[in-house]
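The values are calculated or read from the model by the stated rules, or taken from the named source; none is laboratory data. Quick caveat, the model's predicted, so the values are computed rather than measured. Glycine gets a Cβ as well: all are built from the backbone with ideal geometry, and neighbour counts include every protein chain shown. For the accessible areas, the whole protein counts, side chains as well, though only heavy atoms, and no ligand, DNA or RNA atoms are used. Shrake-Rupley method; radii C 1.70, N 1.55, O 1.52, S 1.80 Å.
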Amino acid sequence: MSTNLRIDGARLASRLAELSKIGATPEGGCRRLALTDEDRQGRDWLVGQMKALDLDVRVDAIGNIVGILKGRQDGPAVIMGSHIDTVGTGGRFDGALGVVAGVEVLASLRDAGLTPKRDMAVIAFTNEEGARFHPDMLGSYVWAGGMSVEAAHKEVDSEGVGLGAELKRIDYEGAEQPGFLPAHAYLELHIEQGPVLENEGGGLGAVTGIQAICWLELTLKGRPSHAGTTPMAYRKDPGLAAARINIFANELTKTIPHQLANSGVIRVQPGNVNVVPETVVMTLDLRNPLDAPLAQAEAAVRRFCAELAERDGIEISFRDLARFPATPFAEELIAEVERSAGEFGLPIRRMISGAGHDAQMMARLCPTAMVFIPSIGGLSHNPAEFSTDDDMAAGANILLSTAWRVANA
């Protein structure tokens, strides 16, 4: 493909700025939790952008939004995508860049009067973040056949509100069945969400795969008692046990190569300053680039919890929130991403993704690859999340070049 065909960088930045106004927060970030009113407004905006390009716009039964540019022949499509939902204190770029860049790619082809051999499409997947409903990457998980529509509709948020009910409420329960558009290949542009690219010389990332993920919810039950009158030796304290579990999981990262651990949620009941807690609900996020070490870490945590429960006289139960194996991407598509970077004279390095993405689910269906652009300061899931217009344009041009070439191969 000639490097004369480029996306309009200013228009890409303008589109993203428009979307970022929906759910904007005072700190400069975005809050568009899945299937909230703000998410509905973002969806409405996206559908309008797609229809303005005369794309064939469809919505499936889990709320995934699909815009299709028809090719010259029938058959599987080259799909680009990501998500527009955010975490509770999110930024403007995470997920949204990939969707808006996909729209910009198709707009650039329209501007140039070009029709691909194969269909090309953009998908905005529902509830990628998992900040409101579990699991994360739910929309692409259902699309790829990993979870039924019926099971997904039964998921509830922390207030007991059902996903299916919210889809109906915001009028985004579509008629299509997830997976209705067969995929020839899937490409996703995303911010790195970490510090590696910026700290190690800049450039872009050709993502080789996504590391394994295990999300656990632990419920610890003890005995509530007065903090002033109950000697330490007589307490059954789930709060103290939760702290010990958190420390143990983090100590594991020093003994298992490349292991990561985090406890992002700790809810204490009854939550009074002078009461030894009765119940603690906490989460553990365990990750590793390889499946076997991750399984080793999880087994160690479970053993530690069993020993702790017996010693401290408390009960500890587990619930899986998400569990995804390590996902390698397609070598031939990674090479195409590198080739596209070369066309534009852009430096690029191979790297693994530490975060989960919709590409992780799509890799079950077709050859898949991702392009990363730098996140300034390594920030993401943070209102201060930022990537430059130049980096966004560079990543979108690689997306355009790769998608166009694959669609016409």
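The table below lists the values:
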{"item": "Rounded to the nearest 10 Å², the accessible area of VAL57 at probe 1.4 Å", "result": "40 Å²"}
{"item": "Calculated FRET efficiency for the pair ALA24/ARG267, C-beta based, R₀ 22 Å, to 0.05", "result": "0.20"}
{"item": "Compactness relative to 2.2 N^0.38 Å, alpha carbon Rg of the range 121-278", "result": "1.43"}
{"item": "Rounded accessible area per residue of the chain, 1.4 Å, Å²", "result": "40 Å²"}
{"item": "Computed [θ] at 222 nm, helices only, for the chain once each DSSP H run of length n ≥ 4 contributes -39500 (n - 2.57)", "result": "-10500 deg cm²/dmol"}
{"item": "Where N is the number of residues in the range 310-356, Cα Rg divided by 2.2 N^0.38 Å", "result": "2.19"}
{"item": "Whether the range 259-319 is rounded, prolate or oblate, judged on the alpha carbon gyration tensor where a/c under 1.5 counts as rounded", "result": "oblate"}
{"item": "Signed unit charges on C-beta, dipole axis of the chain, positive-most listed residue LEU308, GLY48, VAL66", "result": "LEU308"}
{"item": "Relative contact order %, the chain, counting alpha carbon pairs below 8 Å whose residues are six or more apart", "result": "24 percent"}
{"item": "Over the range 132-207, relative contact order from alpha-carbon pairs under 8 Å, at least 6 apart, %", "result": "21 percent"}
{"item": "Gain on full stretching of the segment that runs from ALA243 to ALA52 - 0.36 nm per residue minus C-alpha separation", "result": "63.5 nm"}
{"item": "Carbon and sulfur %, accessible surface of the range 286-409 computed with the full protein complex present, 1.4 Å", "result": "56 percent"}
{"item": "Listed peptides 60-69, 294-303 by packing density, highest first (mean Cβ within 10 Å)", "result": "60-69, 294-303"}
{"item": "Cα-based radius of gyration of the chain once divided by 2.2 N^0.38 Å, which approximates compact folds", "result": "1.04"}
{"item": "Residues HIS226 and ALA306, FRET efficiency given R0 of 41 Å [Cβ-Cβ distance, rounded to 0.05]", "result": "0.90"}
{"item": "Accessible surface of the range 157-205, 1.4 Å probe, proportion on carbon and sulfur as whole %", "result": "46 percent"}
{"item": "For the range 150-239, Kirkwood radius (reciprocal of mean inverse C-alpha pair distance, Å)", "result": "19.9 Å"}
{"item": "Antiparallel bridges, percent of DSSP beta bridges restricted to the chain (to nearest 5)", "result": "65 percent"}
{"item": "Hydrodynamic radius (Kirkwood) for the range 293-381, which is based on Cα pairs only, to one decimal in Å", "result": "16.9 Å"}
{"item": "Phi-based couplings in Hz for the range 395-409 (Karplus 6.51, -1.76, 1.60; Gly and Pro marked x)", "result": "x, 5, 5, 5, 4, 4, 4, 5, 4, 5, 5, 5, 5, 10, 5"}
{"item": "Volume per residue of the C-alpha convex hull in the range 1-76, rounded to whole Å³", "result": "139 Å³"}
{"item": "For the range 225-369, alpha-carbon Rg and Dmax in angstrom", "result": "21.3, 73"}
{"item": "FRET efficiency for TRP45 and ARG349, using Cβ-Cβ distance with R0 set to 30 Å, rounded to 0.05", "result": "0.30"}
{"item": "Whole-number D in µm²/s for the range 1-142 (Stokes-Einstein; Kirkwood sum over Cα pairs; 25 °C, 0.890 mPa s)", "result": "159 µm²/s"}
{"item": "Among TYR172, TYR141, TYR234: highest mean-square fluctuation, GNM of the chain, C-alpha pairs under 10 Å", "result": "TYR234"}
{"item": "Order of exposure, largest accessible area first, which applies to PHE386, PHE304, PHE324 with probe 1.4 Å", "result": "PHE386, PHE304, PHE324"}
{"item": "Distance histogram in 10 Å bins (all Cα pairs of the range 128-178, percent per bin)", "result": "26, 62, 12"}
{"item": "Listed peptides 335-347, 390-402 by packing density, highest first (mean Cβ within 10 Å)", "result": "390-402, 335-347"}
{"item": "Under 23 Å, Cα to Cα: Lys pairs in the chain, sequence gap 8 or more or different chains", "result": "7"}
{"item": "Residues whose placed amide H lies under 5 Å from that of MET137, excluding near-sequence neighbours", "result": "GLU128, GLU129, GLY130"}
{"item": "Evaluated at q = 0.16, 0.19, 0.24 Å⁻¹: base-10 log I(q)/I(0), Debye formula over Cα of the range 32-103", "result": "-0.59, -0.81, -1.20"}
{"item": "The range 291-336: equivalent-ellipsoid semi-axes (sqrt of 5 x gyration tensor eigenvalues, Cα, Å)", "result": "37, 11, 5"}
{"item": "Residues listed by number, the range 343-368, amide nitrogen under 20 Å from GLU331 label point at 7 Å toward C-beta", "result": "349-353, 363-368"}
